[in-house]
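Worksheet for the structure shown next.
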Amino acid sequence: MVEAFPSADLLCLWSDVADRYPGRTFRETAIGRSPLRGRKAAMLPVLPIAWRRQPGSYDWALVSSHLFAHHVSFRGSPASFEKYVYVHSPARYLWEPTMDTRGASPLVRGAALPLRMIDRARAREITRTASNSSFVRDRVRRAWGIDSEVIYPPVEVERIASVERWEDRLLPLEMSVLAGLPKDFVLGASRFVPYKALDLVIRAGEYSGLPVVLAGDGPDMPRLRAIAETANVPVYFVGRVSDEMLYALYQRTTVYVFPAIEDFGIMPVEAMAAGAPVVCGRLGGVTESVIDGLTGSHVDFQDCVSVRAGMRAAEGLRGATISQSAARFDRSEFTRRIRVFARVEPSPTNDGTHTAVAEQPSASRAVRRDDR
């Protein structure tokens with residue numbers, strides 16, 4: 001978004017990256033200058049207030065929201081102020097607590113009802129809404145009672161697909177790690193946290209008889225190592241990896257397995273950009289990117305028969321068709337669509353003509369981001 005609107009002012013809750021956007025007008029909210037900085041649970045009750053009445057006068061704002069950034073308002077903005085919101089998800093621990101364990105904490109449970117009421121009221125201020133998947137679009141309808149269009153997030157598809165052999169770009173240590181892996185293997189890669197369900201990647205390897213490679217790190221490592229010790233196939237832990245190493249693993253793997261229920265799921269698209277077939281579940285945004293029978297398989301991970309069949313079907317799918325299918329998620333497509341969404345690019349009308357929406361040279365603009 002920042003690249004799509006190069007003259008926009010920028011605002012976030014706080015930023016932990018010094019000089020992240022050199023040469024840009026970049027501000028933090030008051031929370032960034034308070035003792036609440038970095039304390040996500042403690043600041044929850046005041047977040048809706050923190051976004052309100054920000055300094056500045058803007059005609060419109062583009063908001064990236066996964067929590068309360070869509071509540072933003074500005075002191076000097078005119079009554080005609082427009083707010084375009086790109087929604088990663090309404091706050092899951094408020095609206096879908098079964099999907100986010102933070103919703104079970106006493107603090108969140110106590111604040112949930114008033115925060116949901118405020119959240120829904122602020123959603124009515126939105127001029128236009130886009131969701132990052134149809135899965136999230138349905139959640140927006142349930143939570144806020146409004147509709148949205150779907151604009152998929154940007155993925156480095158062109159960059160990944162442009163390199164025939166990512167292993168040629170690895171550092172010597174990475175090359176030795178890759179060389180030590182089996183010729184055929186099942187790949188799982190993400191943060192090692194329980195909801196990513198990487199234990200199901202190991203099970204998928206067992207069902208298909210293929211060794212398993214897990215890339216990443218996190219608090220779930222001890223549990224995963226314990227499962228790996230009793231698995232009937234070898235399990236290799238390669239730790240945190242560079243982008244180049246990850247892309248090389250995508251190119252080498254027999255199947256990339258993604259059991260997590262995600263709002264969209266960037267990594268399955270990256271894997272497809274590298275030509276890897278993907279085995280995923282039947283719920284979440286990944287079902288919109290992985291085409292069952294063409295770029296991978298949708299399976300029930302609780303059913304060994306379903307997983308075995310899905311793994312067998314996916315193993316024979318590797319090729320250019322998978323990479324080509326991923327092209328619709330490239331960052332260039334996101335940039336084009338987000339500019340059309342904010343009405344600064346011409347968009348085709350139903351009769352085949354084009355209607356341009358002028359961007360006034362004198363208009364002040366703002367891009368608002370959650371600190372993710």
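The values are calculated or read from the model by the stated rules, or taken from the named source; none is laboratory data. None of the values given here were measured: they were computed from a predicted structure. Heads up, the Cβs are rebuilt from the backbone with ideal geometry, glycines too, and the neighbour counts pull from every protein chain shown. SASA here: full protein model, heavy atoms, side chains in, ligands and nucleic acids out. Shrake-Rupley method; radii C 1.70, N 1.55, O 1.52, S 1.80 Å.
Key figures
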item: Sole residue being among the aliphatic types (A, V, I, L, M), in a strand (DSSP E or B) and at pLDDT 95 or above, chosen from V213, V233; result: V213
item: Some residue of the stretch 167-189 being touching a Gly at 6+ places or on another chain (Cβ under 7 Å), surrounded by 14 or more Cβ atoms within 10 Å (Cβ to Cβ) and not charged (D, E, K, R); result: yes
item: Test: residue in the stretch 42-58 that is in contact with a strand residue (DSSP E or B) (Cβ under 6 Å, 6 or more places away or on another chain) and of a type in the set (A, V, I, L, M); result: no
item: Strands (runs of 3 or more DSSP E) within the stretch 1-78 that include 1 or more residues touching a Lys or Arg at 6+ places or on another chain (Cβ under 6 Å); result: 9-12, 60-65
item: Output for the stretch 312-339, where each listed residue is surrounded by 15 or more Cβ atoms within 10 Å (Cβ to Cβ), of a type in the set (A, V, I, L, M) and part of a helix (DSSP H, G or I); result: A313, A314, I322, A326, A327, I338
item: Scope the stretch 288-311; condition part of a helix (DSSP H, G or I), surrounded by 20 or more Cβ atoms within 10 Å (Cβ to Cβ) and of a type in the set (S, T, Y); matching residues; result: S289
item: Hits in the stretch 259-282 (condition: of a type in the set (A, V, I, L, M, F, W, C), open to solvent by 10 Å² or more (accessible area, probe 1.4 Å) and over 14 Å from the mean Cα position of the chain (by Cα)); result: A274
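Residue-wise test of (1) over 30 Å from C304 (Cβ atoms); (2) assigned to a helix (DSSP H, G or I); (3) in contact with a Phe, Trp or Tyr (Cβ under 7 Å, 6 or more places away or on another chain).
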position	(1), (2), (3)
A111	yes, yes, no
I118	yes, yes, no
R122	yes, yes, no
Y152	yes, no, yes
E206	no, yes, no
